[in-house]
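Heads up, the thing below is written out as C-alpha cells.
The values are calculated or read from the model by the stated rules, or taken from the named source; none is laboratory data. All of these numbers come straight from a predicted model, not from anything done at the bench. Cβ sites come from the backbone with ideal geometry, for glycine too, and all protein chains shown count toward neighbours.
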Amino acid sequence: MKIGIAGAGRVGAACALSLVTRGSAREIVIVDRTRARAKAVAADLRYGAPLCPEVALRDGDYAELAGADLVMLTAGVNERSGGATDRGDPKGRLKLLETNAGIYRDVVPKVVAAAPGAVLLVVTDPPDPLADLARRLAGHDRVLSTGTLLDSLRLRVHLAARLGVDPVSVEAQVVGEHGTSEVLLWSSARVGGVPLAEALPAGTSLEDLRSGVEHDVRYANIAIIEGNEASQFGIGIVSARIAEAVLRDERAVLPIGAYNADYGVTLSLPSVVGREGVSRILQPTMSDEERRSLAQSAEVLRQALQRITS
C-alpha cells in the first residue's frame with residue numbers, strides 16, 4: 001500500500017508523521033516544490049521510523065507517485081500566512097481559496113499524470129471547494145476532502161470535557177462545510193446512547209453548554225494557531241485515519257467531504273469510505289433548523305466554487 005503526500009509544509013509533515021507512527025502504509029513518498037524540504041522531512045522521519053511499523057519512506061518528484069493508492073494534497077498557504085485568523089470574518093478559511101486554487105491548478109494535473117488510479121484526499125484549506133476543483137482537474141470522482149471529521153472529533157472532545165466522560169463515549173458529529181457555516185448536529189448527540197439533554201450533570205444548562213461548545217469547536221483552529229502558529233497535528237491524524245479506511249477498503253462510515261449531487265458541491269455527511277473513495281452517502285436525522293443550516297452551508301460552498309470556476 002503506497003501513499004503520496006504533495007506538500008511538505010507543517011500539515012504535510014504532520015500527515016507523514018501520523019502515517020508513520022500509525023503504520024498506515026508500507027510506502028510513503030513526499031513531494032514538494034522545494035525538494036530540499038521534502039528530503040529533510042523524509043530524513044527526519046526515517047531516523048525515528050525503526051521504532052514504528054515497517055515503512056519505506058522517501059522524498060521524490062511527481063513521477064515517483066506512480067502506483068500510489070492514495071495521494072494527500074496538502075500544498076498551499078495556511079490560515080496564518082493567508083490572513084484567515086479573524087474570528088469576526090465570516091469568510092473564515094474561504095479567504096484562502098483563490099490563492100490555494102492557483103496552487104492546485106499546478107499540482108493536481110502533475111499528481112494525476114503520475115498516479116491516475118489514486119484516490120485524492122484534499123487536506124489544504126478550504127478543503128471542500130478545493131476538492132471540487134481537484135475533481136474537475138482530475139477528471140474522476142475519486143476525490144475526497146477531510147471535511148468535518150476533525151470538527152466532529154473536536155465536538156466530542158469538548159462535550160466530553162464538560163460532561164466528565166471519555167470522548168469515546170460521546171456520539172456527535174458536524175456536517176456541511178469545514179468552516180464557519182458548519183452544522184453541529186445537536187439533535188442526534190448522545191452519550192453512551194443517552195440523549196444529550198438527559199446526560200447533563202445536575203445544574204448544567206443545555207443552552208449554556210451548547211453555546212460554549214459551539215464557540216470552542218468553530219474557533220478551535222484559530223485558538224491553536226494563536227499559540228502554535230499552525231493547526232497541524234489533529235488534521236494529520238485525521239488524514240491518516242481516512243487513508244487507512246481507503247487503503248484497507250474498510251467501508252467505515254466517517255463524516256468527510258465528497259461530491260453530493262443533491263447539493264451540487266462537496267460537503268460532509270456520514271459517508272461509506274473504501275477503496276474507491278466514498279461509495280455511499282448517508283442522510284442523518286436532523287431537526288428542521290439543522291436541515292435549513294445545512295442548506296445554507298451548501299449555498300456558501302456553491303458560491304465559493306463559483307469564485308474559482310466561473
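Below, the figures for the structure above:
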read-out: Residue within segment 150-168 that is under 21 Å from Ser287 (Cβ atoms), in contact with a helix residue (DSSP H, G or I) (Cβ under 8 Å, 6 or more places away or on another chain) and among the aliphatic types (A, V, I, L, M) present; value: yes
read-out: Test set (1) surrounded by fewer than 16 Cβ atoms within 10 Å (Cβ to Cβ); (2) under 19 Å from Glu171 (Cβ atoms) - Pro270 fails condition number; value: (1)
read-out: Test: residue in segment 256-279 that is more than 19 Å from Ala134 (Cβ to Cβ) and basic (Lys, Arg); value: no
read-out: Members of segment 131-157 found to be of a type outside the set (Gly, Ala, Ser) and out of contact with any Gly (no Cβ under 8 Å at 6 or more places or on another chain), listed by number; value: Asp132, Leu133, Arg135, Arg136, Leu137, His140, Leu149, Asp151, Leu155, Arg156, Val157
read-out: Subset of segment 251-302 (residues that are among the hydrophobic types (A, V, I, L, M, F, W, C) and either assigned to a helix (DSSP H, G or I) or closer than 17 Å to Leu184 by Cβ (or both)); value: Leu254, Ile256, Leu267, Leu269, Met286, Leu294, Ala295, Ala298, Val300, Leu301
read-out: Test: residue in segment 236-251 that is in contact with a helix residue (DSSP H, G or I) (Cβ under 8 Å, 6 or more places away or on another chain), surrounded by fewer than 18 Cβ atoms within 10 Å (Cβ to Cβ), among the acidic types (Asp, Glu) and modelled with pLDDT of 95 or more; value: yes
read-out: Residue check for Gly176: over 30 Å from Met1 (Cβ atoms), buried (at least 22 other Cβ atoms within 10 Å of the Cβ) and of a type outside the set (A, V, I, L, M, F, W, C); value: yes
read-out: In segment 1-37, residue modelled with the lowest pLDDT [restricted to those that are of a type outside the set (D, E, K, R) and assigned to a loop (DSSP other than H, G, I, E, B)]; value: Met1
read-out: Hits in segment 181-206 (condition: hydroxyl-bearing (Ser, Thr, Tyr) and surrounded by fewer than 20 Cβ atoms within 10 Å (Cβ to Cβ)); value: Ser187, Ser188, Thr204, Ser205
read-out: Search result, residues across segment 45-65 that are in a helix (DSSP H, G or I) and surrounded by 14 or more Cβ atoms within 10 Å (Cβ to Cβ); value: Leu45, Arg46, Ala49, Tyr62, Glu64, Leu65
